[in-house]
1. What's the Kirkwood radius of the chain in Å, using all Cα pairs?
2. Nearest 5 percent is fine: what portion of the DSSP beta bridges confined to the chain is antiparallel?
3. If you take every residue apart from residue 193 with its C-beta less than 12 Å away from the C-beta of residue 193, what net charge results, scoring Lys and Arg +1 and Asp and Glu -1?
4. For the Cα atoms of the chain, what angle does the longest principal axis make with the long axis of helix 128-140, in degrees from 0 to 90, nearest 10?
5. Which value, in nm² and rounded to one decimal, describes the direction-averaged projected area of the C-alpha convex hull of segment 129-179?
6. Can you give the accessible area of residue 185 in Å² (nearest 10), computed on protein heavy atoms with a 1.4 Å probe?
7. Hey, rough spin-label estimate for residue 68 and residue 244, points 7 angstrom out along Cα→Cβ, what's it come to in nanometres?
8. What is the angle, in °, between the Cα long axis of helix 47-59 and the longest principal axis of the Cα atoms in the chain? Nearest 10 is fine, range 0 to 90.
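The values are calculated or read from the model by the stated rules, or taken from the named source; none is laboratory data. Values in this document were obtained by computation on a predicted structure and should not be read as measured data. Heads up, the Cβs are rebuilt from the backbone with ideal geometry, glycines too, and the neighbour counts pull from every protein chain shown. For accessibility, only protein heavy atoms count, side chains too; no ligands or nucleic acids. Shrake-Rupley method; radii C 1.70, N 1.55, O 1.52, S 1.80 Å.
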Amino acid sequence: MAHSQRKPRGHATVTVFGRRAVEEAFEACKSERVSIERVRIANDLPASYHKQIQQLCRDQHGKQKIEYEVVPRVDVHAVTNEPRHDQGIAALVHLFNVVDLDDYLDRLKGRGARDPARVLALDAITNPQNIGLVIRSAVAFGAGTILWPTKGVPWIEGLVIKASASTLYQATIIPCEYLADGLTELASSGFRLAGLDSHASVDLDVFESSHRQVFVLGSETQGISEEVDPLLDDVVRIPMMAGVESLNVAVSAAVVCYAMSVRTNDSG
């Protein structure tokens, strides 16, 4: 887990850090959502905690052997780059839920009218914690497929996973280099593309989602990007009162995902 071995954006192997996040990765490993390749733990942590993590590693031996490295705390910081948040432990985790766009589209073939497809697209969202909260809302309300560009958006990392409360392991992650390219391919496969804009004339609560629907979430500061805006089929707004013009992107995602879940349940 040397610093020089960190994977490029879009790769399905990521570094998870922090006690709870690493323990949740072991839970996800039991349900075969991830595999854990390596654990690096600070030598100054309590012996009882070392024993707990060693036991978790042994419990996984029927599936694979997990390397267990006891190192000075500074060597944990070297692989996380988050000395304030890593709590002296990190794990190298392989995600089974990162899929190619072509593979995702192949999965949709023959699903039928009872299975609507809902995708959230991240458009230049730069705050890792906001991304994690977006994913948490998406999974909570059944819209857990994320179109995730590797340009202009931070890739999956420890802070994203922690903010998602490890719900990221339950999402379907579709990486693409540029968001506009991924959206274009989805549109050519029958998806309608909608974006949020506080100045739109259509309210979210009356918007009729398509059977295959993408909602684009714009950045915290500039909204939908210039590259993506021309691709949109629809623009909708979240109706608000008391002169409030906008919401944090994570809050907006929660509202959108809830609205989609209500419409889906009503139609079913």
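1. On the way: mean 1/r = 0.0511 Å⁻¹.
One decimal place: 19.6 Å for the Kirkwood radius.
2. Working: 13 of 41 bridges.
Given both bridge residues lie in the chain, the antiparallel proportion sits at roughly 30 percent.
3. Numbers: positive: 192, 212; negative: 123, 185, 229, 233, 234.
Summing Lys/Arg as +1 and Asp/Glu as -1 gives -3.
4. It is inclined by approximately 70 degrees.
5. Values: hull surface 12.1 nm².
Projected area, direction-averaged: 3.0 nm².
6. My reading of the accessible area for residue 185 is about 70 Å².
7. It is 4.9 nm.
8. The two axes meet at around 70 degrees.
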